[in-house]
Amino acid sequence: MEEMKKKRILSGIQPTGTFTLGNYIGAVRNWAVMQEQFECLYMVADLHALTVRQEPAALRAHTREAAAMLLAAGIDPARSILFVQSHVPSHTMLNWVLCCNTQFGELSRMTQYKDKSAKHPDNVNAGLFTYPCLMAADILIYNADLVPVGGDQKQHLELSRNIAQRFNNTYSPTFTMPEPYITKAGAKIMSLQEPTKKMSKSDTNANSFILMTDTPDQIMKKFKRAVTDSEGVVRADSENKPGVTNLMSIYSVFTGKEFSRIEAEFAGKGYGDFKEAVAQSVIDTFRPIQEEYARILADKAYVDQVLKDGAAAAARIADRTTAKVYRKVGLLQL
Ligand code: AQP
């Protein structure tokens, strides 16, 4: 009997810093699980990172570290393709063709472009503007069936679908239409200092995020400093108690406890006990990953070999798509 073909899924993460607890909960921890069900391609999106100015040595280091962290968190190179975006030149080759098939007006409507240009007014570069075309290339080049997206990327995926459909209609059916893949526990983790803002690895305030490499002591201290409120009651209310609710979300993810159970557990206790328990749940979850990360990162040759093999496997798929697209749009092939 013919085996059912697994759906293909593509996911990426930018090496703009060390991964945070937000990256872990929102993305990384799901990636290992997805390997059971899907054919997975995992990309360290170094080209996307360039839309914001990066310190070259740091970007290089973060790229290898990102790969090591993904391996430590359970990505299995025997089952999934793990690669660095810039190691597969076809992405940028397809990007150009897609840019020429995307309207200025479409890109102008992207809210992330508006947000990021407001955040970096001194560097509103063309890459920031055309970023969604490169993202479309990342997805369409592998004919990915599914793309895990958080709220912030929904608009970009919709644009990728529009670009794919337009290309398929103008030339002939070429690209698979990618669908969003919404993970069940899609919790958005907020900054520990400004709980109405997303926790981000590039935040300038180090107390606002937990890094996956933070020591138990750092984790405990950052949670103790986390902004809460003056009510002193552990109760979920994202509107009026965003800080406490954010801590409850984190605790819930790592202990599997529902909000009502957490409220009962800390009834009559102060925020001190609660914060300590949340911190401990994070410390316990991160400990084995951190041990594995240190071991893997020390073996640079291993990480680099995984990435070389990953890039070769990714390129085998990507190059075929690019060649097909180049032929269809009329570029002379000898
Ligand atoms: N706070 C968060 N809560 C839940 N999920 C999050 N993700 C990021 N922050 C949170 C998810 O992590 C994946 C990779 O994100 P990315 O590195 O490609 O870019 P990002 O979303 O811009 O992440 P950061 O940490 O905020 O990076 P910087 O500071 O460089 O902009 C995505 O799946 C994202 O949803």
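The values are calculated or read from the model by the stated rules, or taken from the named source; none is laboratory data. Since we're looking at a predicted model, the values are computed, not measured. Heads up, the Cβs are rebuilt from the backbone with ideal geometry, glycines too, and the neighbour counts pull from every protein chain shown. Accessible surface is based on the protein model in full, side chains and every heavy atom, while ligands, DNA and RNA are left aside. Shrake-Rupley method; radii C 1.70, N 1.55, O 1.52, S 1.80 Å.
Out of the residues in the range 182-196 that are crowded, with 19+ Cβ neighbours inside 10 Å and either at pLDDT below 95 or not in a loop (DSSP other than H, G, I, E, B) (or both), state the one that is farthest from the ligand (Cβ to nearest atom).
Top of the filtered list is M190.
Which one of these is within 23 Å of N95 (Cβ to Cβ) and in a helix (DSSP H, G or I): D304, D309, D319?
After applying the criteria, what remains is D319.
Among the residues that make up the range 238-253, is at least one of them part of a helix (DSSP H, G or I), of a type in the set (G, A, S), closer than 23 Å to L71 by Cα and open to solvent by less than 60 Å² (accessible area, probe 1.4 Å)?
no
What pairs can you find where one residue is in the range 58-76 and closer than 9 Å to Y293 by Cα, the other is modelled with pLDDT under 95 and assigned to a loop (DSSP other than H, G, I, E, B), and their Cβ atoms are less than 9 Å apart, with a gap of 6+ or different chains?
Qualifying pairs under 9 Å: E65/T18; M69/T18.
For the range 143-173, enumerate the residues that are of a type in the set (S, T, N, Q), more than 25 Å from Q37 (Cα to Cα) and in contact (Cβ under 8 Å) with a residue 12 or more places away in the chain.
Once the filter is applied, which keeps residues that are of a type in the set (S, T, N, Q), more than 25 Å from Q37 (Cα to Cα) and in contact (Cβ under 8 Å) with a residue 12 or more places away in the chain, the range 143-173 yields Q155, N162, Q165, T170, S172.
Output the residues belonging to the range 29-48 that are touching a residue at least 12 places away in the same chain (Cβ under 8 Å), of a type outside the set (A, V, I, L, M) and in a loop (DSSP other than H, G, I, E, B).
Those that are touching a residue at least 12 places away in the same chain (Cβ under 8 Å), of a type outside the set (A, V, I, L, M) and in a loop (DSSP other than H, G, I, E, B): Q35, Q37, F38.
Given (1) hydrophobic (A, V, I, L, M, F, W, C); (2) open to solvent by 30 Å² or more (accessible area, probe 1.4 Å); (3) not in a loop (DSSP other than H, G, I, E, B), identify the lone condition not met by V124.
(3)
Which ones in the range 197-237 are assigned to a helix (DSSP H, G or I), away from the ligand (no atom under 11 Å from the Cβ) and not β-branched (V, I, T)?
A206, N207, P216, D217, Q218, M220, K221, K222, F223, K224
Is it true that D273 is within 22 Å of A73 (Cβ to Cβ) and open to solvent by 70 Å² or more (accessible area, probe 1.4 Å)?
Here the answer is no, as D273 does not meet what is asked.
Table: residues versus (1) over 14 Å from the mean Cα position of the chain (by Cα); (2) within 14 Å of the ligand (Cβ to nearest atom).
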residue: I25; (1), (2): no, yes
residue: W31; (1), (2): no, yes
residue: E39; (1), (2): yes, no
residue: M43; (1), (2): no, yes
residue: Q54; (1), (2): yes, yes
residue: S90; (1), (2): yes, no
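Restricting to the range 157-181, name every residue that is part of a loop (DSSP other than H, G, I, E, B) and of a type in the set (G, A, S).
Matches in the range 157-181: S172 only.
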